[in-house]
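In what follows, a structure is listed as structure tokens, so that the remarks can point back to it.
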Amino acid sequence: MLRIALTIVCAFIATLAIMPIIIPWLKKLKFGQNVRFFGPQSHFRKQGVPTMGGILIAAIMAIGAIVFSHKDGRWDIMGASVLFMLLCSLIGFIDDYTKIAKKNSNGLRARDKTWMLLIICTGYAFYLYNHPQVGSAIYIPFFEGKWDMGWLYIPFTVLVLYACINSANLVDGEDGLLSGVTLVMGVGYTLICYFMGEGVFMNMSVLAAALVGSCLGFLIFNHYPAKIMMGDTGSFAIGGAVACISMVTGMPLFLVLIGIMYVVTSASDIIQALSYKLRNKPVFKLAPLHHHLELSGWKENKIVAVYMILTAIFTAIAFLAAM
């Protein structure tokens, strides 16, 4: 527990100490947010707010995870997971930088992000499948034992990794929303991994703790009204870290509970797209759901608070399901 506590505290203090240096630096470089013209009108105040703060989140998570990880697995499962997370963040960085260079909200083409993500997701899936401490078996919530998926584990893992990264990116639509929701998720994963207490769980508890500390520190600057945005650099890193923890521990099905607001957000986006295609009519005023709620009169702080509370409730259910 001391190792976990140190990881959280150090990640939090490092984020708190370095962020005031990062913000003016990003302003000087003119790395400002480019707001989508079809988003909520209230978001136009965010135009020019420093973005790509996720660089610090990714760096602190990576350093914290490696430094405080157990020697057994530090350069094996933890090293591979941190590398995967950083590669995800790199794709997000390229997307952010493209938006800044073009001076609009259009970054990399969707198909380019897709094939890049699928390549690294597939490579990581094969690595986990062949790792002696991971393999192809996953836990089923509320049931003892594991289900061995065999070769189906690889496409399933690619799907979970890709979906989690993109869901995190979608959730990052209000000030403090992704950092707040993921903070709660990180606490849940830290506790579950700690109490499971053996093998890869111990190292993943450290990665989850690094996620908690960095998200908590970032939230200080990212809550409404945000002084800095994480950008795709941060959302891809966070989504990658959550996906790593879920798959390495063999608990991807628990992600449906712990990441309930990831799931709801993605589902609302899919429903909206299908509704337009099949009925030529929207279901929501604007997708994802948090934009619909904002256009319905909800304040950003209320949306963040409700999302965090719901995440806490479902994370508690996941904890009981794991025990």
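Here is how the numbers come out for the structure above:
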read-out: Elements of type helices (runs of 4 or more DSSP H) contained in segment 252-323, each with 1 or more residues being among the β-branched types (V, I, T) and in contact with a His (Cβ under 8 Å, 6 or more places away or on another chain); value: 260-279, 300-322
read-out: Failed criterion for W298 (all others in (1) over 24 Å from A62 (Cα atoms); (2) touching a residue at least 40 places away in the same chain (Cβ under 8 Å) hold); value: (2)
read-out: Residue in segment 52-69 that is in a helix (DSSP H, G or I) and hydroxyl-bearing (S, T, Y) present; value: no
read-out: All positions within segment 180-219 that are farther than 15 Å from I4 by Cα and either in contact with an Asp or Glu (Cβ under 8 Å, 6 or more places away or on another chain) or part of a loop (DSSP other than H, G, I, E, B) (or both); value: G199
read-out: Unique match (being hydrophobic (A, V, I, L, M, F, W, C), on the phi < 0 side of the Ramachandran plot and buried (at least 24 other Cβ atoms within 10 Å of the Cβ)) among A287, A322, A237, A312; value: A237
read-out: In segment 92-111, the residues that are closer than 24 Å to A59 by Cβ and either open to solvent by 40 Å² or more (accessible area, probe 1.4 Å) or not hydroxyl-bearing (S, T, Y) (or both); value: G92, F93, I94, D95, D96, Y97, K99, I100, A101, G107, L108
read-out: Subset of segment 269-308 (residues that are among the small types (G, A, S) and under 22 Å from L257 (Cα atoms)); value: A287, A305
read-out: Candidate set from segment 164-199 (those that are more than 19 Å from Q272 (Cβ to Cβ) and small (G, A, S)); member that is surrounded by the fewest Cβ atoms within 10 Å (Cβ to Cβ); value: G197
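The values are calculated or read from the model by the stated rules, or taken from the named source; none is laboratory data. None of these values were measured; they are calculated from a predicted model. All Cβ positions, glycine included, derive from the backbone under ideal geometry; neighbour counts span all protein chains shown. Ligands, DNA and RNA are excluded from the accessible area calculation, which covers all protein heavy atoms including side chains. Shrake-Rupley method; radii C 1.70, N 1.55, O 1.52, S 1.80 Å.
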